[in-house]
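Undergrad: Quick one: the structure is below, questions incoming.
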Amino acid sequence: MTAEEKNQNKGYLNGARVYLSGPMDFVASREEEKKNGWRIRVKQFLQSYGAIVFDPWEKPKVRGLHEYGKEGVVSINVRENWTFEESRKGAEIRSECAQKFYETMHIDLRMVDISDFVIAYCPTNIYSVGTPHEIITARNQQKPVLFISTPVVFPALENLKTHLNSSGDKAGLQLLNELENQVPIKQNPKGIPSLWYMPLIGSNNFFDSFGFSKYAEKYKWSKSPSDDLEQHNPPKRPLLDFLRQLNMKLPQKWNINKNKIEKDDDWLLLDIKQV
């Protein structure tokens, strides 16, 4: 065991409170996301350093309000009741939908509020509303948001195009082209985030990957699709390496006005002890 490993839970991450933000509604499978998603690995990594991790899939219990805001695989099914009907009944149904999910929004934003910093996974191909809300809440409080924007590529799409071209299926190609425009299917091989996020987050807190492969053996992680993505798109700035360094040394930032590196005073990791 190295000296770093011996002192792993004695650094800046020990006792730090971290919220894990990212899409949950429009992922390919909510069940798979909850069971094997990125949060599972990042939580395990952070907890090994003594961090307190807030995971919206596993919300903390609320004293006196049991099951408050609890979110599961089928909790979004309430939106199937939604209607635009302009009537008393329509207004009642919309109100019920809003009230049902209010508890989830309430407790998630409370977790952001009591966190020291936020980790936000924001792939450009997944629609999300809660994630930007949580990011803005954190940044309004001058809290760091570590923003992961991975490459977005669709190998199956390219394989299908190749197949349709080789088979001379012009009708199939036309339908595929229409599908790309209707969805829309937009690849982002460099993982470039929205320009709006850049001034909101701060230029020093963007990452192109989690960097799971480097730590897979240590934490005994089984293979996942994110590993294939990182294998074909080698990380340039992985999150987990940054977190390991953060545990030993607080980050700095580039001050464009002074043209120099300086302390990043967003990193207020409060030393809270019971008295």
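Undergrad: Can you confirm whether D227 is closer than 17 Å to F242 by Cβ, surrounded by 13 or more Cβ atoms within 10 Å (Cβ to Cβ), in the same structural domain as K253 (by TED's automatic domain parsing) and acidic (D, E)? Even if it seems obvious, please write down each step before you answer.
TA: Numbers: closer than 17 Å to F242 by Cβ: no; surrounded by 13 or more Cβ atoms within 10 Å (Cβ to Cβ): yes; in the same structural domain as K253 (by TED's automatic domain parsing): yes; acidic (D, E): yes.
Considered against the rule, which asks whether it is closer than 17 Å to F242 by Cβ, surrounded by 13 or more Cβ atoms within 10 Å (Cβ to Cβ), in the same structural domain as K253 (by TED's automatic domain parsing) and acidic (D, E), D227 comes out as no.
Undergrad: When the residues of segment 85-105 are narrowed to those that are farther than 30 Å from K61 by Cα and among the basic types (K, R), which ends up nearest to the chain's Cα centre (by Cα)?
TA: Looking at the filtered set, the residue picked out is K89.
Undergrad: Can I ask one more? Going through segment 201-215 one residue at a time, which ones are loosely packed, with under 15 Cβ neighbours inside 10 Å and not hydroxyl-bearing (S, T, Y)?
TA: K214
Undergrad: From the residues in segment 34-70 that are assigned to a loop (DSSP other than H, G, I, E, B) and touching a residue at least 40 places away in the same chain (Cβ under 8 Å), which one is farthest from the chain's Cα centre (by Cα)?
TA: V62
Undergrad: Search segment 113-170 for residues being among the basic types (K, R) and at pLDDT 95 or above, and hand back the single one that is surrounded by the most Cβ atoms within 10 Å (Cβ to Cβ). Please lay out each step first, then the result.
TA: From segment 113-170, those among the basic types (K, R) are 139, 143, 161, 170; that's our starting set.
After this cut, where a residue has to be at pLDDT 95 or above as well, the list is 139, 143.
Numbers: R139: 17, K143: 19.
Selected residue: K143.
Undergrad: What pairs come up if the first residue lies in segment 162-180 and is farther than 21 Å from N125 by Cα, the second is surrounded by 12 or more Cβ atoms within 10 Å (Cβ to Cβ) and small (G, A, S), and their beta carbons are under 8 Å apart, counting only those six or more places apart or on different chains?
TA: What qualifies is L164/G172.
Undergrad: Tell me whether segment 216-224 contains one or more residues that are crowded, with 19+ Cβ neighbours inside 10 Å and in the same structural domain as L46 (by TED's automatic domain parsing).
TA: Within segment 216-224, not a single residue is crowded, with 19+ Cβ neighbours inside 10 Å and in the same structural domain as L46 (by TED's automatic domain parsing).
Undergrad: Can I ask one more? Of all residues in segment 13-33 being in a helix (DSSP H, G or I) and crowded, with 17+ Cβ neighbours inside 10 Å, which is modelled with the lowest pLDDT?
TA: The qualifying residue modelled with the lowest pLDDT is R30.
Undergrad: Also: Condition first: outside any helix (DSSP H, G or I), under 29 Å from P238 (Cα atoms) and out of contact with any helix residue (DSSP H, G or I) (no Cβ under 6 Å at 6 or more places or on another chain). Can you find one or more residues in segment 93-116 that meet it?
TA: yes
Undergrad: Looking only at segment 168-214, which residues are under 30 Å from Q252 (Cβ atoms) and either of a type in the set (K, R) or over 19 Å from the mean Cα position of the chain (by Cα) (or both)?
TA: Our first condition is that a residue be under 30 Å from Q252 (Cβ atoms); within segment 168-214, this holds for 188-214.
Correct list: K190, K214.
Undergrad: Separate question: Any residue in segment 87-101 that is under 30 Å from L243 (Cβ atoms) and either surrounded by 13 or more Cβ atoms within 10 Å (Cβ to Cβ) or not β-branched (V, I, T) (or both)?
TA: No, segment 87-101 has no match at all.
Undergrad: Do you know which residues across segment 201-222 are more than 22 Å from I40 (Cβ to Cβ) and either of a type in the set (D, E, K, R) or in contact with a Cys (Cβ under 9 Å, 6 or more places away or on another chain) (or both)?
TA: Matches in segment 201-222: none.
Undergrad: While we're on this one: Which residue is farthest from Q142 (Cα to Cα), if the candidates are limited to segment 71-92 and must be part of a loop (DSSP other than H, G, I, E, B) and among the β-branched types (V, I, T)?
TA: T83
Undergrad: Using beta carbons and a limit of 6 Å, which pairs, at least six apart or on different chains, have the first residue in segment 195-221 and more than 22 Å from S48 (Cα to Cα) and the second one at pLDDT 95 or above and assigned to a helix (DSSP H, G or I)?
TA: What qualifies is L200/R139.
Undergrad: On to the next question. Quick one: which of K253, K258, K249 is over 18 Å from the mean Cα position of the chain (by Cα) and under 19 Å from K10 (Cβ atoms)?
TA: Values: K253 fails: under 19 Å from K10 (Cβ atoms); K258 fails: under 19 Å from K10 (Cβ atoms).
After applying the criteria, what remains is K249.
The values are calculated or read from the model by the stated rules, or taken from the named source; none is laboratory data. Quantities reported herein were computed from a predicted structural model and do not represent experimental measurements. Heads up, the Cβs are rebuilt from the backbone with ideal geometry, glycines too, and the neighbour counts pull from every protein chain shown.
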